[in-house]
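Report on the following structure.
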Amino acid sequence: MASKLLAASILALAAAQEYHEHTGLKILSKDGARIHQNEPERHALGADGHGVYRPPRPILGRDGHGVATTMPNLTRALLITQTSYCMADADAPLSPAELSATVEVTAVHEHEGARAVIGWDNATKSAWVSFRGTENLENWWDNIQFEKTTPYPAPYDAVAVETGFTKWYGYVLDGVKAALMTTVAEHGGSSVPLKIYGHSAGGACATLMAFDALRGGVFAGVSLTGVYTYGCP
């Protein structure tokens, strides 16, 4: 499992590098050298008419102080995805420092071998859920249940998904819903953005959750703004 996550990490970091090579703003310093900014910002002109470097805006850490970070979005997504393997409880520390300064874990829900980690990201002001991939014999048993099921009411009653992944997602669904309600109440009040993450079979759970979030009637107080999966079936 560690080798699979390492491979996914390498691919994600390569994708992040390629993304920023194409979208990062390149401007001129005072000496005419090119500067590559990790995060796109508005082009600002100096007194000499050349572009000037504008650092990323600071974000707030848990203590309310500004924390500067240039972590690319895909790298950040990868690290939050990894929390599902690292977190046995909500009090465990997060790493690296850029993540721990802005991301908090509000709940870890585990049932029938499945695990989902729920939290809040101060950098994006959004709730998040991360699903762990295959880790134990219970997970492998769900993995091999390939037969299709149609668990959705009309007008989605023709949508077929694999039985094993549907059961896996169902094991933690109630816990995720309850934890999200608590997170929304603590941080957003009535409605907050939601990002979903998952690796391997956890990516399948992330996909199923995204469908639930989009079709409505399952989650209250959240609006889906992003889904990140690595090695998803």
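Side notes on the structure shown:
- Only one of Asp174, Asp157, Asp212 that is of a type in the set (Asp, Glu), within 19 Å of Val108 (Cα to Cα) and at pLDDT 90 or above: Asp174
- Taken over the stretch 209-227, the criterion of being within 15 Å of the chain's Cα centre (by Cα) and open to solvent by less than 20 Å² (accessible area, probe 1.4 Å) is satisfied by Met209, Ala210, Gly226.
- Restricting attention to the stretch 134-172, the residues being in a helix (DSSP H, G or I) and hydrophobic (A, V, I, L, M, F, W, C) number 6.
- The numbered conditions (1) modelled with pLDDT of 90 or more; (2) under 25 Å from Asn136 (Cβ atoms) are all true for Pro93 except (1).
- Only one entry in Glu135, Glu147 is touching an Asp or Glu at 6+ places or on another chain (Cβ under 9 Å), over 18 Å from Leu194 (Cβ atoms) and open to solvent by 10 Å² or more (accessible area, probe 1.4 Å), namely Glu147.
- Residue that is touching a Lys or Arg at 6+ places or on another chain (Cβ under 7 Å), of a type in the set (Asp, Glu) and over 22 Å from Ala77 (Cα atoms), where the choices are Glu162, Glu147: Glu162
- Selection over the stretch 179-208 of residues that are open to solvent by 50 Å² or more (accessible area, probe 1.4 Å) and without any contact (Cβ under 8 Å) to a residue 60 or more places away in the chain gives a count of 6.
The values are calculated or read from the model by the stated rules, or taken from the named source; none is laboratory data. Bear in mind that the values here come from a model prediction, so they are computed numbers and not experimental data. Every residue, glycine as well, gets a Cβ built from its backbone with ideal geometry; the counts of neighbours run over all protein chains shown. Keep in mind that these areas ignore ligands, DNA and RNA; they rest on the heavy atoms of the full protein, side chains included. Shrake-Rupley method; radii C 1.70, N 1.55, O 1.52, S 1.80 Å.
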